[in-house]
Ligand SMILES: *Cc1c(COP(=O)(O)O)cnc(C)c1O
């Protein structure tokens, strides 16, 4: 096997040795040991969300979008409308999911690549009393844009509506305080800031909302109320659980605790981002977003317009030096993205910058978009 690449992507991402090692054991899915592992992992997720006894964590097989669809299907309003303020690709996807589920959706366009505005949200809610719930994205991973979750949540609570949050790309690092945010449900996954491996997601939801949601989901497998009821009844997953992924998440949560919890992790990611942005600027790359709303998760850079630059060649040359990045287009402009999360630190980012500098020199020297 060739050496593993460093994944500078928004997940799956580079994981710690201990997380990989946690998967070197088989678990009987119906065994009490595995039930105990699942409940321990769920308790730790509640602690990460600072959630008290009014909340439970419901795990779900699949990628993050499965949890978003499960959340909208289980808690989306059947009477009244769902407001989705849209300032990025993931909110747009929530609109698509909610429409497919047959919900009555109001999609309100925000200013592209600008954070959502709490005052505007408040006005929309005052104007339209038929809106029952609001679904929004904490960090829009396409551009790496941070939305002001606490101020938005306050507006939703003060206007007496339910809040559903996609906190996929920030959970484990960006602050989430269930008690003060007061959301009905929040979806996230194992393989982003929690630094686990892909294959499972989860929703942190109010207990009373789960009770009320019995029988509402149009899906069998994505019914969070039924999934929760089964855990309460006998501690079991309803369908084959991703046993090794759960074990890896257990290992990843132990590492999160050892690091000092979400505040310490956020600090490491902020250092990664700051090192990356200043180093890339030094190489002539401009970040796509303004610094004030750039989350420490992933940074989008504008592609140079000079003829010697080719993203494909840049990507391949970085890959041969051990680094995987992401392409992407934002606002019809060619960009590329570099993740700052995962089991990496400032020294990893510095090694990436050195590789990027080398590759750039090669591209400029050959002048044809080919690098060695
Ligand atoms: C990653 C992500 C998701 C889920 O994506 P999957 O590919 O299904 O894991 C959803 N929302 C946001 C904001 C994300 O960053």
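Any read-out appearing in this document is the output of simple, stated calculations on the displayed coordinates, not a laboratory observation. Just so you know, these numbers come straight off a predicted model, no measurement behind them. Using ideal geometry, Cβ is built from the backbone for each residue, glycine included, and neighbour counts are taken over all protein chains shown.
Points worth noting:
- Of the beta bridges in segment 117-246, as assigned by DSSP with both residues counted there, near 45 percent are antiparallel.
- Angle between the chain longest axis and helix 243-259 axis [Cα atoms, degrees, rounded to 10]: 70 degrees
- Ranked list, fewest to most other Cβ atoms within 10 Å of each Cβ, for 65, 240, 184: 240, 65, 184
- Against the chain, whose longest principal axis comes from its Cα atoms, helix 149-158 is set at around 30 degrees.
- Taking the centroid of alpha carbons for each part, segment 13-53 and segment 313-372 are 34 Å apart.
- For the peptides 174-181, 83-90, the ranking by packing is 83-90, 174-181, with the highest mean count of neighbouring Cβ atoms within 10 Å listed first.
- Compactness of the chain, taken as the C-alpha radius of gyration over 2.2 N^0.38 Å, stands at 1.01.
- Pairs of Cα atoms nearer than 8 Å and 6+ residues apart set the relative contact order; for the chain it is 24 percent.
- Contact order, relative form, for segment 192-259: 47 percent (alpha carbon pairs under 8 Å, 6 or more residues apart, mean separation divided by residue count).
- What separates the Cα centres of segment 225-248 and segment 84-148 is a distance of 30 Å.
- Ratio of Rg to Rh over segment 140-254 (Cα coordinates, Kirkwood Rh, two decimals): 0.98
- Value at 222 nm in deg cm²/dmol, rounded to 500, when DSSP H runs of n ≥ 4 in the chain each add -39,500 (n - 2.57): -13000 deg cm²/dmol
- Fraction of antiparallel bridges per DSSP, the chain only, in percent to nearest 5: 55 percent
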